[in-house]
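One structure is given here, and the rest of the page talks about it.
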Amino acid sequence: MSLWGHLAELRSRLLKALLGIAAGCVLAWNLADRLLDCLLRPVLKELPSGQALVFTGLEDAFLLLFKTSLWAGFLLASPWWLWQAWAFVAPALTKREKQAVPRLTALATLLLAGGAAFAYFLAFPLTFRFFLAFSSEVLQPLPAADRYLSLAMGLILAFALAFQLPLLLMFLNRLGLVEAEGLRRRRRYAIVVFFIAGALLTPPDVVSQVALAAVLTGLYELSILLTSRNFFGLNQTLTGKSPGAAGGGS
């Protein structure tokens, strides 16, 4: 494909992905009240009985529902836009690798959903409990709904992206940049990087930072397994040689 052909293909795939996300947002808007209630439930369990979140602007309640619909639509449409991403790179793949695209799309979707579920069921309660533990008789919590939503969706996004680590390392291996043995040797350095990432991607509390670092460490070990076992047949360099034969990798 020429450069203009690649750009035309990229535009087409982006347009299709955006249309899928828009359809997901429309569907989510019809369920916005239930979705927002679901998002608020973890923090309401940690607040004193009968206390609710507040909003100060007249438009805030509408914007909360709108933002919830946008985020939910993005997640609901993830199988579609992930498929479009794989379809864009498909011309550069071998026949065997193209056959793995549906499985890779399913894996990426499962990892994305797994990251969101981990954030909701584990990171949410721990994080909110940590922050609310600093309340006292003179410092009473009165959380604003818009700031809470930003915090909650930031956690979901951080963990959803973190769960894509196995796929990222599999593709670096596909390019001959890393190999399983190299990943094993650099495990200690990776753990340090994961703790730094946890500090940058999560709110300023120790609990969520350690939780994200622990998740990334577990996914790193999974990546080593997937890479060493040649899952999906991706462990070939662009030259057709194995990463080890291509020069050792890093």
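The values are calculated or read from the model by the stated rules, or taken from the named source; none is laboratory data. None of these values were measured; they are calculated from a predicted model. We place every Cβ from the backbone using ideal geometry, glycine too, and count neighbours over all the protein chains shown.
General observations
- Residue within segment 69-85 that is over 19 Å from Leu39 (Cβ atoms), modelled with pLDDT under 90, over 14 Å from the mean Cα position of the chain (by Cα) and among the small types (Gly, Ala, Ser) present: yes
- Any pair with Cβ under 7 angstrom, 6 or more apart, that starts in segment 159-178 at a residue that is farther than 22 Å from Ala214 by Cα and ends at one that is acidic (Asp, Glu): Asn173/Glu179
Yes/no per residue for (1) in a helix (DSSP H, G or I); (2) surrounded by 14 or more Cβ atoms within 10 Å (Cβ to Cβ):
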| residue | (1), (2) |
| --- | --- |
| Phe130 | yes, yes |
| Glu137 | no, no |
| Arg147 | yes, no |
| Leu151 | yes, yes |
| Leu155 | yes, yes |
| Ala158 | yes, yes |
| Leu169 | yes, yes |
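- Within segment 119-133, being among the aliphatic types (A, V, I, L, M) and without any contact (Cβ under 8 Å) to a residue 40 or more places away in the chain holds for one residue alone: Ala133.
- Residue ID - modelled with the highest pLDDT, chosen from residues in segment 29-52 that are of a type in the set (A, V, I, L, M) and farther than 20 Å from Phe121 by Cβ: Ala32
Let's see how each residue does on (1) farther than 21 Å from Phe130 by Cα; (2) surrounded by fewer than 16 Cβ atoms within 10 Å (Cβ to Cβ); (3) at pLDDT below 75:
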site	(1), (2), (3)
Leu177	yes, yes, no
Leu183	yes, no, no
Gly198	no, no, no
Gln209	no, no, no
Leu234	yes, no, yes
Leu238	yes, yes, yes
Lys241	yes, yes, yes
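- Residues that are closer than 20 Å to Phe163 by Cβ and aliphatic (A, V, I, L, M) within segment 90-117 comprise Ala100, Val101, Leu104, Ala106, Leu107, Ala108, Leu110, Leu111, Leu112, Ala113, Ala116, Ala117, listed in sequence order.
- Conditions (1) without any contact (Cβ under 8 Å) to a residue 24 or more places away in the chain; (2) of a type outside the set (A, V, I, L, M); (3) crowded, with 16+ Cβ neighbours inside 10 Å; (4) over 18 Å from Leu112 (Cβ atoms); number of the one not met by Trp86: (4)
- Residue that is surrounded by the fewest Cβ atoms within 10 Å (Cβ to Cβ) [pool: residues in segment 185-196 that are touching a residue at least 24 places away in the same chain (Cβ under 8 Å) and hydrophobic (A, V, I, L, M, F, W, C)]: Ile191
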